[in-house]
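Every number here is computed from the coordinates shown, using simple stated rules; none is lab data. This is a predicted model, so every value here is computed, not measured. Here the Cβ positions follow ideal geometry from the backbone for every residue, glycine too, while neighbour counts run over all protein chains shown.
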Amino acid sequence: MTDKRAPIAVALDAPNLGVLVSWAQAVAPVVSTLKVGLEVFCRDGALAVTSARAAASSVGISEIDIFLDLKLHDIPATVAGAARAVAHLEPEILTVHAAGGPAMVEAAALALPYTKIAAVTILTSIDEQALVAIGFTGPSIAAAVRLALLATNAGARAVVCSPHEVGAIRAVVAPDIQLITPGVRPAGSSVDDQKRVATPQQAIADGTDLLVIGRPITGAADIAQAARDIAFSIVDVK
């Protein structure tokens, strides 16, 4: 990331590679990170990552972080194998589910030592009622803190949590742990299927290091302008 680009990971949840490329070209000049998620990676594989990087390069951005958001969750050996399978893509960040346990998180971290393993705590689509239904001891903030500590003690170098938990997690994890927050919505935007949300400004104020933003940018009539507006609202990128 350069000093002139905002700490935003734009979720490239595009319907095809052509759209992914156009979105990446539109946002790369003002954001630090491009996020390739599960749906796109299952459809397009490594080409999604190489296309995103090439799109950024085509608009003059030679270095941009790739956030490979696969949320791996399986036995340690399988997760380690999956992590090694994407090593050649050199993602800056790869997600695993903290609920997979410390041995699984450690396996991923050892398999990809030069990538930040980011542990997903509680999905932002889950509310307190759903948390109880799946058997987690709540409230969500306590569960997220427990999972964050478990994962970072096992080798994760980043934590994914909702904006509602970022302050509590920041207070207990090491200063060099990167906190990544989805569920970020500009004031007045639809929350869609997210339950625990905040504005970009509030999330940054609470201690977020990287905002994950998808539809408020990629669903806008002018994607480049939407990205610029949010970037300008949180950091001086002029």
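Before moving on, here are some points about what is shown:
- Relative contact order (%) - criterion: Cα under 8 Å, at least six apart; region: the chain: 19 percent
- This ranking places Phe232, Phe41, Phe67 by how few other beta-carbon atoms lie within 10 Å of each, fewest first, which gives Phe232, Phe41, Phe67.
- Note on Ile234, Ile204, Ile217: ascending count of other Cβ atoms within 10 Å places them as Ile234, Ile204, Ile217, the fewest first.
- Cα-based shape type of the stretch 56-141, given that a ≥ b ≥ c are square roots of the gyration tensor eigenvalues and the cut on a/c is 1.5: oblate
- Whether the stretch 1-55 is rounded, prolate or oblate, judged on the alpha carbon gyration tensor where a/c under 1.5 counts as rounded: prolate
- Gyration tensor verdict on the chain (Cα atoms; rounded if a/c is under 1.5, prolate if a/b is larger than b/c, oblate otherwise): oblate
- Exposure proxy ranking for Val172, Val235, based on other Cβ atoms within 10 angstrom of each Cβ and starting from the fewest, stands as Val172, Val235.
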